[in-house]
1. Can you find even one residue in region A:60-69 that is surrounded by 14 or more Cβ atoms within 10 Å (Cβ to Cβ) and in contact with a helix residue (DSSP H, G or I) (Cβ under 8 Å, 6 or more places away or on another chain)?
2. For residues in region B:43-76 being surrounded by fewer than 16 Cβ atoms within 10 Å (Cβ to Cβ) and among the basic types (Lys, Arg), which is nearest to B:LEU11 (Cα to Cα)?
3. Out of A:GLN73, A:GLN62, A:GLN45, which single residue is more than 20 Å from B:GLN38 (Cα to Cα), under 15 Å from the mean Cα position of the chain (by Cα) and free of Cβ contacts under 8 Å to residues at least 24 places away in the same chain?
4. Right, A:THR3: more than 11 Å from chain B (Cβ to nearest Cβ), touching a residue at least 24 places away in the same chain (Cβ under 8 Å) and out of contact with any Cys (no Cβ under 6 Å at 6 or more places or on another chain) or not?
5. Given the criteria over 19 Å from B:ALA91 (Cβ atoms), within 14 Å of chain B (Cβ to nearest Cβ), touching a residue at least 24 places away in the same chain (Cβ under 8 Å) and surrounded by 15 or more Cβ atoms within 10 Å (Cβ to Cβ), does A:VAL110 qualify?
6. Can you pull out the residues in region B:63-84 that are without any contact (Cβ under 8 Å) to a residue 60 or more places away in the chain and under 13 Å from B:LYS17 (Cα atoms)?
7. Got a sec? Which strands (runs of 3 or more DSSP E) wholly within region B:26-97 have at least 2 residues that are within 10 Å of chain A (Cβ to nearest Cβ)?
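Read-outs: derived from the displayed coordinates by stated rules, not from any lab. Every value quoted in this text rests on a predicted model; they were computed, and no experiment measured them. FYI the Cβ positions are ideal-geometry reconstructions off the backbone, even for glycines, and counts take in every protein chain you see.
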Amino acid sequence: SQTIHQWPATLVQPVGSPLSLECTVEGTSNPNLYWYRQAAGRGLQLLFYSVGIGQISSEVPQNLSASRPQDRQFILSSKKLLLSDSGFYLCAWSQYQETQYFGPGTRLLVL
Amino acid sequence: SQKIEQNSEALNIQEGKTATLTCNYTNYSPAYLQWYRQDPGRGPVFLLLIRENEKEKRKERLKVTFDTTLKQSLFHITASQPADSATYLCALGDGNKLVFGAGTILRVKS
């Protein structure tokens, strides 16, 4: 069966520090991969998605970036965090562009 | 502009009653629509998918309708239980992506 992992589960970072969040998927090949951010009490905002290795589509211009160095690995990065980057970050995968399966999420607090 | 709207206020119902949640959209022509459940501090979990040529889909106590003329989907939970309390998100298919609504909080009281 398929499994999706995200780490870390929680993170507290100072403003201006770098960020690296990792997401890996097991049990499937060539999935579509997605990064979302969810602010407290709000809906899901799609940040990036990828349909293959090295292929990244950005949905929202900001100080975040994403990379897909391997088929089942998706990384979200920032060189300098802003206060507004705080939120709940979710990674998801899908096959055939339909149902998405979400990871457990990373709660990021930027102080 | 494109918009997805779900009941902004929480829905409070009594155990055993039917909960009905609404998802309205504008300026989309989705090939399918999905409903997800999200518990606090967790990622969303897929519940049901309904395609544009389907009027209704059922799964156990869940029922979804999809009216492409009204641009609306209704999500029903029959014989609701306190364990059904969660946030329910609708999502529209948009190419490689899903576009999510903000969600509706459902509280089922015993």
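1. Start the filter on region A:60-69 by keeping residues that are surrounded by 14 or more Cβ atoms within 10 Å (Cβ to Cβ), which leaves A:64-68.
Subsequent filtering for residues that are in contact with a helix residue (DSSP H, G or I) (Cβ under 8 Å, 6 or more places away or on another chain) retains A:64.
There is at least one residue in region A:60-69 that is surrounded by 14 or more Cβ atoms within 10 Å (Cβ to Cβ) and in contact with a helix residue (DSSP H, G or I) (Cβ under 8 Å, 6 or more places away or on another chain).
2. Taking the candidates together, the pick is B:ARG61.
3. A:GLN62
4. yes
5. Taking the combined requirement at face value, the residue does not satisfy it.
6. Correct list: B:HIS76, B:ILE77.
7. Working: elements: B:32-38, B:45-51, B:56-59, B:62-67, B:72-77, B:86-94.
Answer list for region B:26-97: B:32-38, B:45-51, B:86-94.
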